[in-house]
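Here's the structure we're looking at; comments come further down.
The values are calculated or read from the model by the stated rules, or taken from the named source; none is laboratory data. Model, not experiment: these values are computed from the prediction. Reconstructed Cβ throughout: ideal geometry from the backbone, glycine too, with neighbour counts over all protein chains shown.
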Amino acid sequence: MSSEQASIITANLATIQGKIEEAARASRRSPADVRLVAVTKYAELAWVRQLIDAGMTTLGESRPQQLVERAELLGDAVEWHLIGHLQRNKVRQVLPHVSLIHSIDTLRLLSRVGEIASELELRPRVLLEVNVSGETSKDGFSSESLRAEWQQIVEQNSVVVDGLMTMAPASDDPEDARPTFAALRELRDELSSLAPGLSLPELSMGMSGDYIVAIEEGATLVRIGSALFDGLSHSEQPS
C-alpha cells in the first residue's frame, strides 16, 4: 500500500472519530460512550492493517469466514465484531474469534449460539437484531416477536444479551433514519424494564450515512465502512 493510501485512511479515521466526539458532546453524552466499529467487509487486508496501525482495533466483519481468516492472520490485537448474518452451521467456527455478535435475528439462532457456547465453555456477548422498519428485505426480530419471545430470551444462560441492533431504511437524508433509531432506543428501554437484571447497555445503529443521527438517538456502537475508505481506488466499493 502506498504512503498516500495510508495517509487517506489515517485522515478519514481521524475525521470520523472527531465527528463522533462532536456528536456525542452535542447530545450531552460522553464521547467514551460511543464506540466506532470499523467495517472491513470490502477492505483490502493492507487497508485493515493501516487502520490497526492508526489505532483502530475494533473491527466489524459481515462474512463469518472472512472474520475467521482475518482473526487468525491479525492475532489478538483486534476485537472482532460479527455484524452480518450468521448461519447456524457457522456458529462453532465463529465463536472462538468474536468479541460481539450484532446479528442474532431469531430465537432459534440464539439458542444455537448458547448450545455451542456451552460446549466450548464460552459465554459470548450478543446483540439482538431488530427489523424496526418492517422491510421485507431485512433480517431480524420484529418488535412484536421480540416482545412475545422476550421471556425465553431472558432465560438463555450461556450467552450475554448486551443490547439491540438495527439498520435504518436506505435514504439520502440522514433525518429519515431518526424514527427507526428512536424506536430501537424506546424498545430497549421497554425490554429493560421487563427484565430488571438485564440492562441492555448497547445500541448498535448508524452507518456511514447516518451515524450522527444515530448518536443523537443513543447509539453506543456505530458501524462505519465506506467513509473510512473514501478516496481509495478499489475494484469493489466498501459498504
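Annotations
- Count of region 47-73 residues which are surrounded by 15 or more Cβ atoms within 10 Å (Cβ to Cβ) and charged (D, E, K, R): 4
- Per this entry, residue 149 is counted among residues that are touching a Phe, Trp or Tyr at 6+ places or on another chain (Cβ under 8 Å) and farther than 28 Å from residue 208 by Cβ.
- Residue in region 30-48 that is among the acidic types (Asp, Glu) and farther than 20 Å from residue 83 by Cα present: no
- Meets criteria (out of contact with any Gly (no Cβ under 6 Å at 6 or more places or on another chain), buried (at least 17 other Cβ atoms within 10 Å of the Cβ), acidic (Asp, Glu) and in contact (Cβ under 8 Å) with a residue 24 or more places away in the chain) for residue 44: yes
- Applying the set (1) touching a residue at least 12 places away in the same chain (Cβ under 8 Å); (2) over 11 Å from residue 227 (Cβ atoms); (3) assigned to a helix (DSSP H, G or I) to residue 19 leaves exactly one unmet item: (2).
- Residues of region 222-238 that are of a type outside the set (Ser, Thr, Tyr) and in a loop (DSSP other than H, G, I, E, B): 225, 230, 231, 232, 234, 236, 237, 238.
- Residue in region 30-39 that is surrounded by 18 or more Cβ atoms within 10 Å (Cβ to Cβ) and in a loop (DSSP other than H, G, I, E, B) present: yes
- Those residues of region 43-78 which are assigned to a loop (DSSP other than H, G, I, E, B) and either in contact with a strand residue (DSSP E or B) (Cβ under 8 Å, 6 or more places away or on another chain) or under 19 Å from residue 11 (Cβ atoms) (or both), in sequence order: 43, 44, 54, 55, 56, 57, 62, 78
- One residue from 92, 125, 49 being of a type outside the set (S, T, N, Q) and under 22 Å from residue 154 (Cβ atoms): 125
- Condition check for residue 219: part of a helix (DSSP H, G or I), at pLDDT 95 or above and buried (at least 21 other Cβ atoms within 10 Å of the Cβ): no
- Every condition in (1) closer than 26 Å to residue 225 by Cβ; (2) at pLDDT 95 or above; (3) small (Gly, Ala, Ser) holds for residue 114 except the one numbered (1).
- Restricting region 79-103 to residues that are touching a His at 6+ places or on another chain (Cβ under 9 Å) and outside any loop (DSSP other than H, G, I, E, B), the residue that is nearest to residue 148 (Cα to Cα): 103
- Scanning region 100-118 for residues that are touching a Lys or Arg at 6+ places or on another chain (Cβ under 8 Å) and either within 19 Å of residue 198 (Cα to Cα) or among the acidic types (Asp, Glu) (or both) yields a total of 3.
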